[in-house]
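**Student:** Shown below is the structure under consideration.
Since every read-out is calculated from the coordinates, none of them should be taken as a lab result. Since this is a predicted model, take the numbers as computed values, not measurements. In this analysis, Cβ positions are derived from the backbone assuming ideal geometry, glycine residues included, and neighbour counts consider all displayed protein chains.
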Amino acid sequence: MPEKCRWCVGPGECDAWPCSMAKEADKNGFFTPDLTVKELLKASHDTAKQKGWWEKERPFGDQVSNFHGEVSEAWEEYRKYGLDPAKFLYFVDGKPEGIAAELADVLIRIADTCAHYGIDLTEAIRVKLEYNKTRSYRHGNKLA
Ligand SMILES: [Mg+2]
């Protein structure tokens, strides 16, 4: 039985990186160079529009609920596999799964929503990173 690369799980061929499943995923553009926040917003929103998610207005509360949904999916991956690096990102029938895939979904949904409403996420991240530097140690001794 061939050794499986970290991207594969279950039945399927894998002769280690880049295996056939990784190559197939790459055709879908999953393995892209680092994106800027601006590029992430555009790519996320363009795809969401192309897939029909913005044919009619969607309530902002629904969007935020979907952020929660993706976080919950990351939690479910953690419950299944813990913090096994081999399970951070894997493929089942060509679909990316794992904690990393679900956290990516969080960012993609947030980026899509920000792009739709014209929210400048790049500036907000910049502002928050700078602000956080000014906060007290553990923000006043909070537990978490
Ligand atoms: Mg998901």
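**Student:** For the range 110-144, name all the residues that are away from the ligand (no atom under 16 Å from the Cβ), outside any loop (DSSP other than H, G, I, E, B) and among the acidic types (Asp, Glu). Spell out how you get there, then give the answer.
**Tutor:** In the first step, residues of the range 110-144 are kept if they are away from the ligand (no atom under 16 Å from the Cβ); the result is 114-144.
The next check asks that each one be outside any loop (DSSP other than H, G, I, E, B); those that pass are 114-117, 121-134, 138-141.
Passing the criteria: Glu123, Glu130.
**Student:** While we're on this one: Which count do you get for residues in the range 98-122 that are more than 23 Å from Trp54 (Cα to Cα) and in contact with a helix residue (DSSP H, G or I) (Cβ under 7 Å, 6 or more places away or on another chain)? Talk me through it step by step, then tell me what you get.
**Tutor:** Within the range 98-122, the subset more than 23 Å from Trp54 (Cα to Cα) is 98-100.
With the extra rule that they be in contact with a helix residue (DSSP H, G or I) (Cβ under 7 Å, 6 or more places away or on another chain), the set shrinks to 98-99.
Residues flagged as more than 23 Å from Trp54 (Cα to Cα) and in contact with a helix residue (DSSP H, G or I) (Cβ under 7 Å, 6 or more places away or on another chain) within the range 98-122 amount to 2.
**Student:** Among all residue pairs at least 6 apart or on different chains, which show Cβ distances below 6 Å where the first residue, located in the range 97-120, is within 12 Å of Tyr78 (Cβ to Cβ) and the second is more than 9 Å from the ligand (Cβ to nearest atom) and outside any helix (DSSP H, G or I)?
**Tutor:** As it stands, the answer is Gly98/Phe88; Gly98/Leu89; Gly98/Tyr90; Ile99/Phe88; Ala100/Phe88; Ala100/Leu89, since those pairs meet every condition given.
**Student:** Also: Could you check how many residues of the range 56-109 are among the charged types (D, E, K, R), surrounded by fewer than 17 Cβ atoms within 10 Å (Cβ to Cβ), outside any helix (DSSP H, G or I) and within 14 Å of the ligand (Cβ to nearest atom)?
**Tutor:** Residues in the range 56-109 being among the charged types (D, E, K, R), surrounded by fewer than 17 Cβ atoms within 10 Å (Cβ to Cβ), outside any helix (DSSP H, G or I) and within 14 Å of the ligand (Cβ to nearest atom): 1 in total.
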